[in-house]
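Enquirer: Once you've had a glance at the structure underneath, I'll fire off some questions.
Quick note: the coordinates plus some simple rules give every number you see, no bench work behind them. As the structure is a prediction and not an experimental result, all values here were calculated from the model. With ideal geometry, Cβ positions are generated from the backbone for all residues, glycine too; neighbour counts draw on all protein chains shown.
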Amino acid sequence: MDPHHKGRFISTASRRQRTAVSLSDAAMTSVKEKLMRWHARLRALAVLTATALLPATFAQAISSSSPPDPMSATAATPVQINGKVSVCGLTLCNSSGRPIQLRGMSTHGLQWYAQCVNSGSLDALADDWRADVLRISMYVQEGGYETDPARFTAMVDRYIEEATRRGLYAIVDWHMLNPGDPHHNLQRAKTFFREIADRHRDKGNVLYEIANEPSGVSWDRIRRYAEEVIPVIRAQDPDSVILVGTRGWSSLGVSEGADEREIVANPVNARNIMYTFHFYAASHREAYLNTLARAAARLPIFVTEFGTQNYAGEGANDFGQARRYLDLLRSRKISWVNWNFSDDWRSGAVFKDGTCGAGPWTGTAPLKEAGVWIRDQLRGSAALFSDRR
């Protein structure tokens, strides 16, 4: 076991509190289509402003009116363009069967940083950052779901609605960390995912991440957990993509001395699933990168969490190593989500300390070094229209 990973869960203080869609090259190549897309976004923003749906806090942002249909002809959003996603072979595909790459951000723990995910910040994520997906990180322990299931389920509901309102995909992250055995929270997971899948089954933009970072248990035990939870979701939402955590803090086993071969030899018995991989560029070097490259040739992979810092989301950024990872992900059309969309004091949080009180949200002024870099990655990918949509 990686001693760094082993040490990061000793206490709440010492553990990290972690907390552009690629279409085919034929899509949206004309200047007219580009202009129409941005014109539609500006119209949508104007409508939201005019109807007072852009207050400062998230709680005020929930309107009694129905959210606009992200699949409508005027939307030009990631969901409008790509529709319901599914797994085709080793990649994520849009409703036309074309391989795509989702790119976006993860919230920090909702119990700590819900104030960072509000109308202003989400508008910036969709329109200024040009992200495709929001990962909603709901911790199970550490003051999370287990303390008040109804409250946290309602919070996730609202964030799904806000992502949907902006035409973003939403990953519902069951953020289990410690204990590392996902079976510890099995009944809670079944209850939560049954409720969430039932409420959002018709949306078409929701993906379910059923175990954030299993650790200290065998792949076989993780697989058996997945094969108990997946049918609960499928009973409510038969066709959505489900993301399965992997051994060793979703390192495909590398952090615990294993690798992708144990998954290849004994995969989860379910369809339309992907396996998750997490990396932190300053800590996770060649063994991790090489394992990811091999795994991508055998398994459908989704990077649901990464950072440019060390394994704790702290310290100096290693943008060079992060660039190597992102180049690999782009070449294999592996979707990714960066950690994290908050103003936490650690270098892995994108916003400067104090930003979440009142903003501002757009541009680079409110961002830390990592925030500037990841925003550039999202905007740069979005600018490549033949690659993004």
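Enquirer: Go through the stretch 99-115 residue by residue and turn each phi into a ³J(HN,Hα) via Karplus (6.51, -1.76, 1.60, θ = phi - 60°); whole Hz please, and just put x for glycine and proline.
Expert: x, 9, 10, 7, 9, x, 10, 9, 5, 7, x, 5, 6, 10, 10, 4, 5
Enquirer: What distance in nm separates the two pseudo spin-label positions at A293 and V87, each 7 Å out from Cα along the beta-carbon direction?
Expert: In this crude spin-label approximation the distance works out to 2.4 nm.
Enquirer: Packing-wise, with mean Cβ within 10 Å as the measure, how do 173-179, 222-228, 207-213 rank, highest first? Intermediate values should be presented prior to the final figure.
Expert: Numbers: 173-179: 23.6, 222-228: 20.0, 207-213: 25.6.
So the peptides 173-179, 222-228, 207-213, ranked by packing, come out 207-213, 173-179, 222-228.
Enquirer: As a footprinting exposure proxy, order K368, K190 by other Cβ within 10 Å, with the fewest listed first.
Expert: K190, K368
Enquirer: Using the number of other C-beta atoms within 10 angstrom as an exposure proxy, rank D376, D181, D343 with the fewest first. Write out the running numbers ahead of the final one.
Expert: Details: D376 13, D181 18, D343 23.
Placing the least packed residue first, the sequence is D376, D181, D343.
Enquirer: Follow-up question, since we're still on this one. E228 label point, 7 Å along Cα→Cβ, cut-off 19 Å on backbone N: hits in the stretch 151-195?
Expert: Zone members listed by number: 174-195.
Enquirer: Sticking with this structure for a sec: Going by how many other beta carbons lie within 10 Å of each one, how would you line up I301, I273, I171, fewest first? Mind dumping the intermediate values first?
Expert: Working: I301 26, I273 20, I171 29.
Result, fewest neighbours first: I273, I301, I171.
Enquirer: For the stretch 227-241, what does the Karplus curve 6.51 cos²θ - 1.76 cosθ + 1.60, with θ = phi - 60°, yield as ³J(HN,Hα) per residue in whole Hz, taken in order and with x for Gly and Pro?
Expert: 6, 8, 7, 4, x, 5, 5, 4, 5, 9, 9, x, 10, 6, 6
Enquirer: Can you compute the FRET efficiency between R379 and R323 using 1/(1 + (r/R0)^6), with r the Cβ-Cβ distance and R0 = 25 Å? Round to the nearest 0.05. Mind dumping the intermediate values first?
Expert: Values: r = 16 Å, r/R0 = 0.62.
The pair R379/R323 has a calculated efficiency of 0.95.
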